[in-house]
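**Student:** Have a look at the structure that comes next, please.
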Amino acid sequence: MVAPQGLLHFVINAGNTTALAFASFSSQHPGIQTTPLALFKNDFPTDLVAKTTFLDVEQVKKLKALLGGTG
């Protein structure tokens with residue numbers, strides 16, 4: 001799997017065997033991206049975030065207000 005730079009991604013092992021993953025970064029200091037900030041501290045439309053996270057619109061609005069997001 002190749003994930004574009006800055007894209008929030010995850011992988012689930014749905015099989016019955018042990019999974020093995022190798023990760024590499026494009027620099028010695030790749031930085032971090034935390035899931036709550038990536039999802040709620042942005043200017044994406046609230047209804048889009050609600051559909052993506054399976055949360056109701058009011059909950060997304062509360063989280064965006066708490067974390068500094070707009071939209």
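Derivation of every value follows stated rules applied to the coordinates shown; laboratory data play no part. In this text the structure is predicted, and so the values were computed from the model without any measurement. In this analysis, Cβ positions are derived from the backbone assuming ideal geometry, glycine residues included, and neighbour counts consider all displayed protein chains.
**Student:** Taking the simple approach of a point 7 Å from Cα along Cα-to-Cβ for both S24 and L8, what is their distance in nm?
**Tutor:** 2.7 nm
**Student:** Plugging the Kirkwood radius over Cα pairs into Stokes-Einstein for the chain, at a temperature of 37 °C and a viscosity of 0.692 mPa s, what D comes out in µm²/s?
**Tutor:** 228 µm²/s
**Student:** Placing unit charges on C-beta atoms (Lys and Arg positive, Asp and Glu negative, everything else neutral), compute the dipole magnitude of the chain about its Cα centre in debye, rounded to 20.
**Tutor:** 100 debye
**Student:** Collect residues whose amide H, placed 1.01 Å from N in the peptide plane, falls under 5 Å from the amide H of N42; neighbours closer than 5 in sequence don't count.
**Tutor:** G69, T70
**Student:** Taking Cα pairs under 8 Å and at least six residues apart, what relative contact order does the chain come out at, in percent?
**Tutor:** Result for the chain is 29 percent.
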